[in-house]
Amino acid sequence: MREATTDVCPVYVSMIPVYRRSDRKSIEPMAERFAPGQYDRLHHFISDGLWDAAPLETELARQADRIVGASSAFLVIDDTGLG
């Protein structure tokens, strides 16, 4: 994966909770809030879908570990309602 794509992955992940609560679901205001000047890169990252999911999954796991916190804890995600 290109570095230009990989380095927007953490930005995208940090946008998800706010995006889900927002009335506006457009990438433009979210990009302006979280990554000013990087709208094109974020739009490309999301819309093309031609990226390796591993860096995103790694960042999600890192953030989940930070939230859950204990080494003996488990995070279970029910994906039956997704896409």
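List of remarks:
- Scanning the stretch 59-83 for residues that are in a helix (DSSP H, G or I), loosely packed, with under 13 Cβ neighbours inside 10 Å and not hydrophobic (A, V, I, L, M, F, W, C), we see that the one that is nearest to the chain's Cα centre (by Cα) is 62.
- Output for the stretch 7-50, where each listed residue is farther than 24 Å from residue 61 by Cβ and hydroxyl-bearing (Ser, Thr, Tyr): 22, 26, 39, 47
- For the stretch 47-58, filtering for residues that are in a helix (DSSP H, G or I) and charged (D, E, K, R) leaves 2.
- In the stretch 17-46, the residues that are assigned to a loop (DSSP other than H, G, I, E, B) and among the hydroxyl-bearing types (Ser, Thr, Tyr): 22, 26
Values in this text are rule-based calculations from the coordinates and carry no lab data. Note that the structure is a prediction, hence the values are computed from the model and not measured. When we count neighbours, we look across all protein chains shown, and the Cβ atoms used for this are built from the backbone with ideal geometry, even at glycine.
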